[in-house]
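A.B. asks: Below: one structure in structure tokens.
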């Protein structure tokens, strides 16, 4: 995948914005960044799009701002000159895609059929938009369509919202999702940027889906670990299950047979995507112990320990 698409994968959600007045671009970008989404697709459906991209790209260089609804070479040139970092089109126009490639811009063209995906592959692309997602069959169609194209990644847009977001993002061929529910036109025009920030933060929380998985207790020996697990089983009915390095009491208590990470033990926090969780927590200043990282066959994180302890407990992220 292109470097920009890799960044969008870690961010997870790309707000799709239609700005009617360029003066709204700066406070809107600030609200999105504060809410946890330093990315946007500014659509060329309005006359203010080009100026909005200029403002965002110049004032917020850390933001991955792209141009959407780019239908021709003239718009592509304007988007590039304005500082867009990627270009998105609603459909697959081969000559338009080839032109965008010729000016050195990452492009994510719209697709809705296997034939369009194959044309994208022919042009060397490995990431496409799926639009309009819900009206075209949603995640079920993406899964069916993606099966023959093992290296293609999809960005569903159109009908994506907080209720179905994770249906899309849970599929490993979806690298990010585009949505507009947190940046609706009426909120922007009314200057309700605090509400946009709040809804953006809620979208990130929904995407990450943090939940407590289990608590690990450090003990000095296997016998001691089994004794502790036996107590949980006899008192609370948490069934004991002996493993190689630990003994579980139910699903939430893990007793280590020898001292593991953390002074007292560890706390496992589940998340829908460890890569994205590490990215978003790092933006908040959280440090990670990179030596603890574990990866799956696709190179995605499955385990990551925070660098600092919480009350004597090491904390690590695991995939839900």
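A.B. asks: Does the range 55-65 include one or more residues that are within 30 Å of residue 273 (Cα to Cα), without any contact (Cβ under 8 Å) to a residue 24 or more places away in the chain, surrounded by 19 or more Cβ atoms within 10 Å (Cβ to Cβ) and in contact with a strand residue (DSSP E or B) (Cβ under 7 Å, 6 or more places away or on another chain)?
C.D. replies: no
A.B. asks: Out of curiosity, is residue 100 free of Cβ contacts under 8 Å to residues at least 40 places away in the same chain, buried (at least 22 other Cβ atoms within 10 Å of the Cβ) and assigned to a helix (DSSP H, G or I)?
C.D. replies: yes
A.B. asks: Considering each of 268, 277, 304, 249 in turn, give the residue that is surrounded by 13 or more Cβ atoms within 10 Å (Cβ to Cβ), without any contact (Cβ under 8 Å) to a residue 60 or more places away in the chain, under 19 Å from residue 10 (Cβ atoms) and in contact with a strand residue (DSSP E or B) (Cβ under 8 Å, 6 or more places away or on another chain). Break it down stepwise before answering.
C.D. replies: Details: 268 fails: under 19 Å from residue 10 (Cβ atoms); 277 fails: without any contact (Cβ under 8 Å) to a residue 60 or more places away in the chain; 249 fails: under 19 Å from residue 10 (Cβ atoms).
One residue alone meets the criteria, 304.
A.B. asks: Might you check whether a residue that is under 28 Å from residue 148 (Cβ atoms) and either modelled with pLDDT under 95 or surrounded by fewer than 18 Cβ atoms within 10 Å (Cβ to Cβ) (or both) occurs anywhere in the range 73-92?
C.D. replies: Yes; the residues of the range 73-92 include at least one that is under 28 Å from residue 148 (Cβ atoms) and either modelled with pLDDT under 95 or surrounded by fewer than 18 Cβ atoms within 10 Å (Cβ to Cβ) (or both).
A.B. asks: Is it the case that residue 128 is in a strand (DSSP E or B), in contact with a strand residue (DSSP E or B) (Cβ under 9 Å, 6 or more places away or on another chain) and modelled with pLDDT of 95 or more?
C.D. replies: yes
A.B. asks: I've got another one for you. Out of 251, 246, 180, 234, I need the residue that is within 30 Å of residue 154 (Cα to Cα) and modelled with pLDDT of 95 or more. Which one?
C.D. replies: Going through 251, 246, 180, 234 in turn, the sole match is 180.
A.B. asks: Any idea which of (1) surrounded by 18 or more Cβ atoms within 10 Å (Cβ to Cβ); (2) within 27 Å of residue 298 (Cα to Cα) is the one residue 196 doesn't satisfy?
C.D. replies: Single failed check for residue 196: (2).
A.B. asks: Does the range 221-243 contain at least one residue that is surrounded by 18 or more Cβ atoms within 10 Å (Cβ to Cβ) and touching a residue at least 40 places away in the same chain (Cβ under 8 Å)?
C.D. replies: Taking every residue of the range 221-243 in turn, none turns out to be surrounded by 18 or more Cβ atoms within 10 Å (Cβ to Cβ) and touching a residue at least 40 places away in the same chain (Cβ under 8 Å).
The values are calculated or read from the model by the stated rules, or taken from the named source; none is laboratory data. Since this is a predicted model, take the numbers as computed values, not measurements. With ideal geometry, Cβ positions are generated from the backbone for all residues, glycine too; neighbour counts draw on all protein chains shown.
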